[in-house]
Structures are given as structure tokens and as C-alpha cells.
Amino acid sequence: MSNNSANSSNLVIAQKAVKQLRLEASVRRIKVSQAASDLKTFCLQNAHKDPLLMGVPSSDNPFRPPKSCALF
Amino acid sequence: FSGSFGEVYQTFHLSIYMSSNNKFSISPEMATQEVQPNETLSNLKAESDTLKTKLEDERAKLHDVELHQVAEKVDGLGQFIMKTRRTLKGHGNKVLCMDWCKDKRRIVSSSQDGKVIVWDAFTTNKEHAVTMPCTWVMACAYAPSGCAVACGGLDNKCSVYPLSLDKNENLAAKKKSVAMHTNYLSACSFTNSDMQILTSSGDGTCALWDVESGQLLQSFHGHAADVLCLDLAPSETGNTFISGGCDKKANVWDMRSGQCIQSFETHESDINSVRYYPSGDAFASGSDDATCRLYDLRADREVAIYSKESIIFGASSVDFSLSGRLLFGGYNDYTINVWDVLKGTRVSILFGHENRVSALRVSPDGTAFCSGSWDHTLRVWA
């Protein structure tokens with residue numbers, strides 16, 4: 001690769017990097033307090049449906065009863 | 001990766017952009033469109049540095065509180081009694097990857113020994129086994145229909161095997177090669193149908209493929225080193241996915257345009273695992289820096305770090321419980337740590353594996369989770 005084409009490749013790489021950073025800088029953001037509050041709300045609203053969190057009675061969880069309970 | 005390798009690497013990818021001009025979203029003409037022709041390399045570097053500082057400032061302005069502060073009034077979690085309920089034995093070497101079937105009972109796993117096994121986790125029976133032509137099958141995934149599995153590794157490919165109801169049929173005969181990378185396959189996932197597969201590779205790229213034709217539909221360039229993991233957004237939240245790599249970055253991608261829309265670089269080492277929070281508004285990562293972290297996509301920043309001074313080995317694999325309140329992390333010190341996502345504290349530590357935990361997934365209905373390990377076994381916990 002000649003020196004000139006190496007220079008122009010580096011230039012295009014740098015242009016691409018700047019374009020990407022402009023895109024990322026322009027992302028619309030919300031405050032952490034709002035985002036965190038929404039995460040908390042989601043957890044709490046769905047907690048009752050979360051078997052690993054609430055624990056389910058052995059009779060309802062297919063994995064809980066030990067294999068040796070199988071009747072066959 | 002140090003600067004010089006990164007530059008050579010990026011030049012290599014740039015030459016791909018130049019040569020095939022219809023599949024990638026940024027053409028050389030577009031890249032130069034908004035930039036003045038007389039801008040030199042040093043001007044661009046200066047602008048690049050300014051933009052990076054601006055990005056950090058913008059993110060910092062909105063950092064008004066910590067997640068655990070918002071969660072102060074939330075009830076703490078009690079004692080968790082989670083035990084190994086099933087042990088799946090049969091692999092002859094390290095288990096590298098696993099995935100659940102949507103039916104909540106079948107599991108596919110892959111190993112360094114070249115074998116891919118489909119198990120019924122309720123009974124622990126092996127239902128199918130395939131021997132791959134390579135060792136180190138680092139990636140495997142179940143198709144949404146439950147009728148096929150995808151896998152790959154050191155062969156640099158992702159292949160799809162339809163699962164036959166006839167147990168005697170040779171699965172390898174029906175194998176379909178779908179993805180071709182120029183380095184190892186690190187992860188794969190079907191999208192919401194059996195028709196498309198998303199892959200990540202040691203060649204630094206991710207790619208979306210049509211299963212039937214093997215055609216490359218979209219390519220994702222932006223990581224400066226091996227991409228180790230990926231996860232698709234929950235279907236309600238649209239067409240994005242996340243990836244993590246050896247460049248310590250976690251990237252969020254638009255599947256249609258191929259564009260990287262957000263990027264997070266707070267980890268201090270390779271990111272081995274990324275997983276979306278169930279609402280799709282955040283994601284967790286596990287890294288060789290011995291921490292797991294939570295990133296909120298709407299706040300565009302890291303909002304929690306899950307770490308302890310006593311945890312010094314890397315986290316290889318992470319997943320959330322159904323409500324997102326618990327984060328399970330499999331670590332290289334053979335343990336599984338369970339974290340309270342909101343409060344940032346560890347609620348449980350699970351022992352059982354006799355070597356590194358390399359894979360971990362919660363079942364589709366959240367009743368259990370499965371871990372795979374270098375000790376050749378998989379364990380189902382509940």
C-alpha cells in the first residue's frame with residue numbers, strides 16, 4: 001500500500017469515527033433518577049410473577065420434586 | 001489491543017467497505033459528506049476528543065442519583081434456597097454454551113469435545129447428539145420453533161441442524177451451513193423466527209444471516225477486537241441487539257441499518273456476557289474484571305456495579321430472573337453469585353460446580369436456571 005493511500009485510509013477511518021461520535025453524542029437521554037425509578041417499578045410490578053424470586057411450592061415447580069418421586 | 005493492531009484491524013475492515021458497496025450502511029461518500037474536504041487528520045482527532053468529552057459531560061449532567069438510592073425503601077430480599085435439582089452428565093469435556101428451548105424443558109449444550117447435545121432437563125435424558133467437525137463448539141442456540149439447533153466455534157461457521165423425531169436419524173446429514181466468519185464463532189442466536197440467525201465472532205464483527213439461503217443480510221462493524229457475546233432485545237422493544245467484546249465495549253446496534261447507536265466502555269477487561277433486562281430498557285454485562293454492571297439505555301450510562309472485594313475472578317455469564325430483580329452470574333472461581341439488581345448487594349452464593357462456570361441461562365418461564373461448566377456438567381437450579 002503506498003503512503004498516499006494509507007494516509008487517505010486513515011483519514012476515512014477518522015471521519016467515520018467522528019461521524020459515529022456525533023451520532024452517539026446526539027442520543028436523547030433521560031435523568032438517572034427517572035430511569036432508575038422505572039427499573040424499580042418494573043421489578044416491583046412483576047415480582048409476584050417471578051418464580052425464582054418468590055419461590056413456588058414444590059408441587060408447582062417441575063424441577064423442585066426430586067427425580068426419584070417419579071412414579072414410573 | 002494496543003493502538004497499532006487496532007489501526008491495522010480497522011484498515012482491513014475499511015478495505016471491505018471499499019470493495020463490496022451494496023451491503024454496508026456507511027459508504028466512503030457518506031463518510032465525507034458532512035466533513036470539510038480540508039480537514040486534516042489532526043483536526044479530526046481533535047474533534048474526536050472534543051466529542052468524547054462532550055459525551056461524558058452530557059451523561060454526567062443527568063447522573064443525579066444512584067440506582068441503589070432510588071431503591072432504598074424497597075424491601076430487602078430474604079434468604080434464598082436454591083439448589084441443584086438436576087445434573088446433566090454426558091459431555092466428555094468443558095461445556096462452553098447452553099440454551100433453553102421455548103418449551104421450558106429442553107436444553108441444548110455444546111462442548112470442547114465437539115459434541116452438541118439436546119437434553120430433556122426434566123428427565124435428564126439425552127434426546128439428540130451431534131458431533132461437530134471441530135472441537136471448541138463455543139456457541140449453540142435453540143430455534144424458536146424447537147425444531148432445530150444452531151452451533152459453531154473454531155470452524156468459523158454457524159450451522160443449523162434440524163432436529164429429527166426419528167432418534168436413529170443421523171442429524172449431521174441434514175446440516176446446513178449458514179454463517180461464515182473469518183475467525184471463531186463466539187455466540188449465535190435465532191431472531192424471533194427460525195429464518196434468521198445473528199452471530200458474533202472473533203473477527204470483530206456481528207452478522208445477520210438468512211438461514212435458508214445462507215445469505216449475509218447485515219453486517220455490524222465497530223468493535224476493535226473479538227466480539228464475545230450478544231443478546232437480542234425482547235421482541236416488544238424493537239429491532240436492536242447488544243454485543244460485548246475484548247475491546248471492553250458493549251455496543252447497541254440497529255439491526256436494520258447496521259448502525260451502532262450507543263456504546264458503553266466502563267469495564268476494565270473483556271466483556272464475556274451481555275443480557276437485556278426483561279423490560280428492554282437496560283442490560284447487564286459480565287466481565288473478566290470480576291464485575292457485573294447494569295447499563296440503562298434511556299439514561300445512556302452505567303447505573304450499577306455488582307462487585308465485592310472478595311470476588312476476583314471473571315464473570316463469564318449473566319442472566320436476569322423474570323422480574324429483573326435478581327441477576328445470576330456464573331464466575332471463573334466455580335461459583336454462581338446472585339445479586340439484588342436494585343440494591344446492588346449479593347443475596348446468595350451457590351456452590352456445586354467443580355470448575356469454571358461458562359454458561360448460564362434462566363428458563364423461559366423463570367422457574368429455574370441452568371449453568372454449564374468446565375467440569376463437563378450442566379446443573380439446573382431452582
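Here are the numbers for this structure:
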{"read-out": "Length gained when the stretch B:Val65-B:Asp333 is fully extended (0.36 nm per residue, less Cα-Cα span)", "value": "93.2 nm"}
{"read-out": "Dipole moment magnitude, nearest 20 debye, the protein assembly as shown about Cα centre, only Lys, Arg, Asp, Glu C-beta charged", "value": "1100"}
{"read-out": "Using a Förster distance of 25 Å, the FRET efficiency for B:Ser310-B:Glu268 (Cβ separation, nearest 0.05)", "value": "0.90"}
{"read-out": "Length-normalised contact order for the range B:255-382 - Cα pairs under 8 Å, 6+ apart - percent", "value": "15"}
{"read-out": "At R0 = 30 Å, FRET efficiency that the Cβ-Cβ distance of B:Asn93 and B:Asn183 yields, to 0.05", "value": "0.90"}
{"read-out": "Centroid-to-centroid separation of the range A:4-60 and the range B:221-250 [C-alpha atoms, Å]", "value": "10"}
{"read-out": "Test item: B:289-302 mean partner chain Cβ contacts at 10 Å", "value": "3"}
{"read-out": "Inter-label distance for B:Glu212 and B:Thr124, nm, one decimal - labels placed 7 Å from Cα along Cα-to-Cβ", "value": "4.2"}
{"read-out": "Projected label distance in nm at B:Asn170 and B:Glu58, using a 7 Å step from Cα toward the beta-carbon", "value": "5.8"}
{"read-out": "Helical contribution to [θ] at 222 nm, DSSP H n ≥ 4, -39,500 (n - 2.57), averaged over chain B, rounded to 500", "value": "-4000 deg cm²/dmol"}
{"read-out": "Expected-Rg normalisation [2.2 N^0.38 Å, Cα atoms] applied to the protein assembly as shown", "value": "0.99"}
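Rule-based calculations on the coordinates, nothing more; no lab input. On a predicted model such as this, the values are computed, not experimentally measured, just so you know. Neighbour counts are summed over all protein chains in view; Cβ atoms, including those assigned to glycine, are modelled from backbone coordinates with ideal geometry.
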